[in-house]
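Let me begin by presenting the structure, written as structure tokens, before commenting on it.
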Amino acid sequence: MAAMKTRMSSFSRNTSVAPAPQAPGLKSGPNGTIFLSSGIPDLDKILGGGFPLGSLVMVMEDTEAPHHMLLLRNFMSQGLVHNQPLLYASPSKDPRAFLGTLPSPVLSKDDRSHNRDPEQLQEKGLRIAWQYKKYFGEHRPNFDSHRDTKHEYCNDFDLRKPLERYFLTAQNICCLSIQDPPNLAAFRDCCAKFLAQFSRNNSSISCAGRVAIQSFCAPQCEYSNMEWDMLSFIRSLKGMIRDSNAVAVITFPPSLLSPSSSKRWQHIADTLLSVKAIPDEDKELANLLTGYQDMVGLLNVHKVANVNTQVPVILEATTFSIKLQKRRYLVLECLNQAPVDGSSGSSYASTGSCSGSTKTGTLDF
Amino acid sequence: MAESICRNLRDGALEGEHAPALSIKDSIATPFGSDVFNYVLTKLSSNILAGKSQSKISILDCYTDPLGWKDSLKGPLDTENFSLKDPIEAVLFRHVRNLDLLLSAIIEMGEALARQGKGRFSVSIDSVTEMLRHASLSSVANLLSKVRSHASRLKIAINGVICKLDIKKVYDQNRISSTFWLLHSDLHEIRAIAALEYLSSMVGSLEPMNLSLNGQRGDLEKLSLLEQNSRKGKFHVRFKRRNGRVRVMCEDFHIKQSGINFTPVSSEEGIINQGLLPKVQFNLQLSEKERIDRAKVVLPFEHQGNGEPMHIYDGRRSLSEGKDEKASVLSENLQTNENSGKGEIIYFRDSDDEMPDSDEDPDDDLDI
């Protein structure tokens with residue numbers, strides 16, 4: 001063991017590289033990365049801090065469920081709360097209308113965390129041991145109570161309450177409809193112009209930007225059969241994002257693309273998530289999973305961005321259930337299920353496919 | 001279940017939502033899509049009717065002359081003979097390739113009828129397959145999504161075939177729409193079908209009764225199966241609910257002279273959705289045999305209930321005890337061999353050098 005030697009080697013870890021971010025809503029992470037929040041506290045924890053600046057996040061939609069909208073809404077709201085400029089593109093005629101559905105942040109964090117614990121206590125029936133749980137995650141609960149929402153890195157969002165008007169009338173929101181234009185040239189130019197505001201240089205970051213593109217290959221868009229054009233757009237967007245202090249989230253339904261295109265899009269993402277619908281009133285699933293009644297869908301984390309490092313991020317669990325707590329707050333929970341016979345399944349490491357339909361391909365990550 | 005689909009179409013969309021849309025898919029194995037289509041059409045209109053005496057339906061006829069050829073051929077051709085038995089207004093539409101024009105024609109016709117009485121806009125498309133023959137997928141998808149998001153109030157029918165149904169009345173409500181269409185799934189690429197399913201909120205697919213014909217069956221059996229398929233089938237519906245869950249329903253249908261009948265599924269099929277969940281290596285569930293064995297295990301700290309003093313087995317075998325125990329174990333073993341499946345707990349201590357348990361048994365104060 002070389003523990004006794006304190007020889008200074010010529011290599012020394014340069015921990016002072018990352019400038020402490022002055023802007024609210026940013027957090028520095030390992031390997032000199034800076035994170036911004038996804039808007040969902042559980043997702044930030046799963047991903048190890050949030051979305052790193054300069055990364056491309058892709059979310060694979062399920063054609064049968066709108067859960068990607070939940071992720072997008074939280075992402076966009078978080079950006080607006082932190083006053084980060086936002087570019088939103090969608091295939092609907094009036095994308096501005098979507099802004100009206102963005103959720104509002106919950107003002108006091110304690111209100112929610114205390115509500116969570118008694119429910120869990122009653123559920124599990126173990127009243128002695130679990131009261132310590134509140135000391136694990138929510139450390140320093142008293143400290144947080146007097147911070148206002150602007151300074152919190154990640155807010156809880158109340159999906160039933162719409163975001164206040166003054167957030168939406170700010171100058172820094174750009175909305176685009178991608179339904180009508182026959183090709184992506186105009187969209188690409190718009191993105192380039194937007195991202196030019198956040199170009200990276202060695203000075204400290206003044207603010208970070210967010211790009212949210214919804215249902216990128218939706219069939220009603222005219223460019224949707226031009227697969228190579230779409231791929232080249234994503235590639236150039238990724239290049240632009242890398243060079244700037246911004247994060248882009250693109251959602252797309254993989255079953256509407258050809259299999260090879262779909263694979264290429266999955267590989268080009270830095271962080272890859274997918275959402276799945278669950279069948280309604282399914283007795284087998286209800287027996288297999290606890291908490292089935294509250295679940296609205298499943299979230300799978302296929303790939304987590306590893307920036308500035310060769311070491312990949314390996315998660316303990318990759319499948320999470322999406323629940324709406326009290327029909328307001330989005331929570332992600334690890335699945336509690338009865339395991340199946342080992343001979344019929346394959347282990348976590350090799351299976352990436354959790355698809356109910358056979359159209360999505362298997363992913364080996 | 002077919003009732004519930006029609007009810008969903010009738011109820012329409014909530015404020016801010018897109019209109020519900022039903023896709024009916026059939027294939028060559030079960031070519032009964034138009035029967036189901038007619039069923040839904042009649043049900044929808046009779047649901048809407050509910051007491052109103054007058055009814056009105058408009059048809060946009062894209063079948064007779066879709067590309068305007070008859071128009072351009074002047075001369076002896078007499079094309080003005082759409083004398084229908086029913087007094088239905090049918091407007092000829094000649095520019096099927098231009099979907100913008102089609103959309104505006106729909107809306108125009110709709111608004112014309114709307115002026116005669118407030119009503120709900122419901123669009124039924126006899127065959128999207130026909131539309132896809134003339135126009136690209138993205139433009140058809142564009143049209144359908146615009147129809148879904150258009151909040152108007154009227155009922156018209158776009159037909160590839162002229163509709164022969166009776167006229168119905170539109171329902172009084174504001175800004176509610178619904179739409180449904182028919183699709184022949186074997187005439188399109190998978191991508192096109194996936195795109196249309198993406199655009200609809202309910203997908204109904206017709207499947208033959210017996211899915212696979214085993215090659216080893218005799219010809220007679222095949223014929224009887226074919227005959228069964230020619231009149232009956234299964235109707236599967238995947239229904240996208242507002243909370244993001246998908247309801248899967250299934251019914252059998254039977255085509256008769258009078259029309260189509262839906263009956264609940266005769267055979268029970270359990271669909272286990274384990275494909276959704278990750279598979280884990282170990283198994284915590286017990287098979288029947290294991291469960292019985294577990295019930296038979298004699299637990300060490302329980303009263304056996306037979307008046308004997310409790311023997312707490314601690315796994316150590318000292319010499320003297322060993323002999324005695326061996327004798328008793330042997331006799332027990334004989335008995336156990338006769339008893340089948342008696343469970344045992346086998347405990348081996350790590351080594352005999354370990355300190356023996358102290359005399360104070362901490363569990364003595366438990367009253368079992």
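The values are calculated or read from the model by the stated rules, or taken from the named source; none is laboratory data. Note that this is a predicted model, so its numbers are computed, not measured. Cβ sites come from the backbone with ideal geometry, for glycine too, and all protein chains shown count toward neighbours. When the accessible area is computed, the model is the full protein with side chains, heavy atoms only, and any ligands, DNA or RNA have been set aside. Shrake-Rupley method; radii C 1.70, N 1.55, O 1.52, S 1.80 Å.
Couple of notes before you dig in:
- All of (1) crowded, with 23+ Cβ neighbours inside 10 Å; (2) at pLDDT 90 or above; (3) in a helix (DSSP H, G or I) hold for A:SER224 with one exception: (2).
- Condition met for A:PHE233 (in a helix (DSSP H, G or I), touching a residue at least 24 places away in the same chain (Cβ under 8 Å) and open to solvent by less than 10 Å² (accessible area, probe 1.4 Å)): yes
- Residue-level analysis places A:PRO85 outside the set of residues that are within 16 Å of the chain's Cα centre (by Cα) and either surrounded by fewer than 24 Cβ atoms within 10 Å (Cβ to Cβ) or away from every other protein chain (no Cβ under 14 Å) (or both).
- Unmet requirement for A:SER38, which otherwise passes all of (1) among the polar types (S, T, N, Q); (2) in a helix (DSSP H, G or I); (3) open to solvent by less than 10 Å² (accessible area, probe 1.4 Å): (2)
- Qualifying residues in the range A:273-308 (those that are closer than 24 Å to A:LEU53 by Cβ and open to solvent by 40 Å² or more (accessible area, probe 1.4 Å)) - the one farthest from the other protein chains (Cβ to nearest Cβ): A:ASN308
- Hey, A:MET69 within 15 Å of the chain's Cα centre (by Cα) and within 14 Å of chain B (Cβ to nearest Cβ) or not: yes
- Residues (touching a Phe, Trp or Tyr at 6+ places or on another chain (Cβ under 6 Å) and away from chain B (no Cβ under 14 Å)) located in the range A:215-265: A:SER244, A:ASN245, A:ALA246, A:VAL247, A:VAL249, A:ILE250
Matching residues to (1) hydrophobic (A, V, I, L, M, F, W, C); (2) out of contact with any Asp or Glu (no Cβ under 7 Å at 6 or more places or on another chain); (3) modelled with pLDDT of 85 or more:
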| residue | (1), (2), (3) |
| --- | --- |
| A:PHE143 | yes, yes, no |
| A:ARG147 | no, yes, no |
| A:GLU152 | no, yes, no |
| A:LEU168 | yes, yes, no |
| A:ALA192 | yes, yes, yes |
| A:PHE198 | yes, yes, yes |
| A:ILE205 | yes, yes, no |
| A:VAL211 | yes, yes, yes |
| A:PRO219 | no, yes, yes |
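- Checking each residue in the range B:174-216 for being modelled with pLDDT of 85 or more, of a type in the set (A, V, I, L, M) and crowded, with 18+ Cβ neighbours inside 10 Å picks out B:LEU182, B:LEU183, B:ALA192, B:ILE193, B:ALA194, B:ALA195, B:LEU196, B:LEU199, B:MET202, B:VAL203, B:LEU206.
- Checking A:GLU333 against (1) open to solvent by 20 Å² or more (accessible area, probe 1.4 Å); (2) not in a strand (DSSP E or B), the condition it does not meet: (2)
- Condition met for B:SER224 (at pLDDT below 85 and in a helix (DSSP H, G or I)): yes
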